[in-house]
1. Considering only region A:82-131, state which residues are open to solvent by less than 10 Å² (accessible area, probe 1.4 Å) and out of contact with any helix residue (DSSP H, G or I) (no Cβ under 6 Å at 6 or more places or on another chain).
2. Within region B:26-40, restricting attention to residues that are open to solvent by less than 70 Å² (accessible area, probe 1.4 Å) and assigned to a loop (DSSP other than H, G, I, E, B), which residue is farthest from B:Ile110 (Cα to Cα)?
3. Of these, B:Val87, B:Val56, B:Val117, B:Val43, which one is open to solvent by 20 Å² or more (accessible area, probe 1.4 Å), modelled with pLDDT of 90 or more, of a type outside the set (Lys, Arg) and more than 24 Å from A:Gln121 (Cα to Cα)?
4. Take the residues of region A:86-127 that are in a helix (DSSP H, G or I) and at the interface with chain B (Cβ under 7 Å from one of its Cβ atoms): which is farthest from the chain's Cα centre (by Cα)?
5. Please work out which residue is nearest to the other protein chains (Cβ to nearest Cβ), limiting yourself to region B:59-77 and to residues that are touching a Lys or Arg at 6+ places or on another chain (Cβ under 9 Å) and open to solvent by 80 Å² or more (accessible area, probe 1.4 Å).
6. Out of curiosity, is A:Gly76 surrounded by fewer than 23 Cβ atoms within 10 Å (Cβ to Cβ) and away from chain B (no Cβ under 14 Å)?
7. Could you check region A:139-156 and list, in sequence order, the residues that are crowded, with 22+ Cβ neighbours inside 10 Å and either facing chain B (nearest Cβ under 10 Å) or acidic (Asp, Glu) (or both)?
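The values are calculated or read from the model by the stated rules, or taken from the named source; none is laboratory data. What you see is a predicted model; the values in this text were computed from it and never measured. When we count neighbours, we look across all protein chains shown, and the Cβ atoms used for this are built from the backbone with ideal geometry, even at glycine. Note: accessible area is taken over every heavy atom of the protein model, side chains too, but ligands, DNA and RNA are not part of it. Shrake-Rupley method; radii C 1.70, N 1.55, O 1.52, S 1.80 Å.
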Amino acid sequence: MTDKKRTPARRAAFLGAMTALALILSYVESFVPMPLPGVKLGLANLVAVFVLYREGVLRAAGVSLIRVLLSSLLFGSTVSLAYSLAGAALSIAVMACLRRTDRFSPLGVSIAGGVMHNAGQIIVCCILLDTAAVAAYLPILTVSGAVAGVAIGALAALLLSRIPKK
Amino acid sequence: MKKKLLWDAALLLLCLCLAGGFLLWDALGRAEGAVAVVSVDGVEVARYPLDVPCEVVLHGTDGENVLVIEDGCAFIREADCPDKVCVRTGKIRWEGETIVCLPHRLMVRIAGGEGGVDG
């Protein structure tokens, strides 16, 4: 590791690896049984938080976008694409804003991300089904998103402090 | 770093309070439902009174869901959708509660009685 320059090739390789990792994590997650519909761990958010802190908003959004497109293409449907896209977009946007305020640690940023991911999905569900009735899931999904956000955020903070910057 | 963790905690607390408040508001306002309203793609297709036990096959946009009405509750017993979220949602009985099958664009919502006014 004598060459510490952040060459474009190095960066592309890193982001590619991150995208692949996020894709695998979201696949693995589909095997984890969850007690309630819509409740998720959001393992892929770990990658989103990590890339957000190391490479900035644009690259984190790119990694998330490609991850969502690929996982919908491979394991999901067009409906699940609209769903995940909205969740991921809202989550990344809010996380980027909170990070910019420099008030929160990765833990807080990840909590907001988890909550917003679920909120985005509920919004799409409301639009697709043309009803506000599904908003009744909001409290459950807010709590589960926050809890998942704490777990993912703690993990992300650990990774960010242990994995050296290059 | 400590200060940041405080902000994190405040954020977490805010989320939990919002959820709690919403839940409380929801619980206080809930009333016994009278009828299960089925809609596909946002358009109402059928109504089943909750006091008449029955089992019907609902046709969504892309498949079928078996709706069962029993003991004043409605639930989906079987479905050929990929995620089975509708089946796992379980029984619903309170006004405003819903079962949603997104792949089939199908929704079952509990409405109150009183002249069938839409809640």
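1. A:Leu129
2. Among those that are open to solvent by less than 70 Å² (accessible area, probe 1.4 Å) and assigned to a loop (DSSP other than H, G, I, E, B), it is B:Gly29.
3. So the residue among B:Val87, B:Val56, B:Val117, B:Val43 that is open to solvent by 20 Å² or more (accessible area, probe 1.4 Å), modelled with pLDDT of 90 or more, of a type outside the set (Lys, Arg) and more than 24 Å from A:Gln121 (Cα to Cα) is B:Val56.
4. Among those that are in a helix (DSSP H, G or I) and at the interface with chain B (Cβ under 7 Å from one of its Cβ atoms), it is A:Cys125.
5. By that ranking, first place goes to B:Asp62.
6. no
7. A:Leu141, A:Thr142, A:Ser144, A:Gly145, A:Ala146, A:Gly149, A:Gly153
So that you can scan it fast, the table gives a plain yes or no per residue for (1) more than 7 Å from chain A (Cβ to nearest Cβ); (2) without any contact (Cβ under 8 Å) to a residue 12 or more places away in the chain; (3) over 30 Å from A:Ser161 (Cα atoms):
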{"position": "B:Lys3", "(1), (2), (3)": "yes, yes, no"}
{"position": "B:Ala9", "(1), (2), (3)": "yes, yes, no"}
{"position": "B:Leu13", "(1), (2), (3)": "yes, yes, no"}
{"position": "B:Leu16", "(1), (2), (3)": "no, yes, no"}
{"position": "B:Trp25", "(1), (2), (3)": "yes, yes, yes"}
{"position": "B:Glu32", "(1), (2), (3)": "yes, no, yes"}
{"position": "B:Val38", "(1), (2), (3)": "yes, no, yes"}
{"position": "B:Leu50", "(1), (2), (3)": "yes, no, yes"}
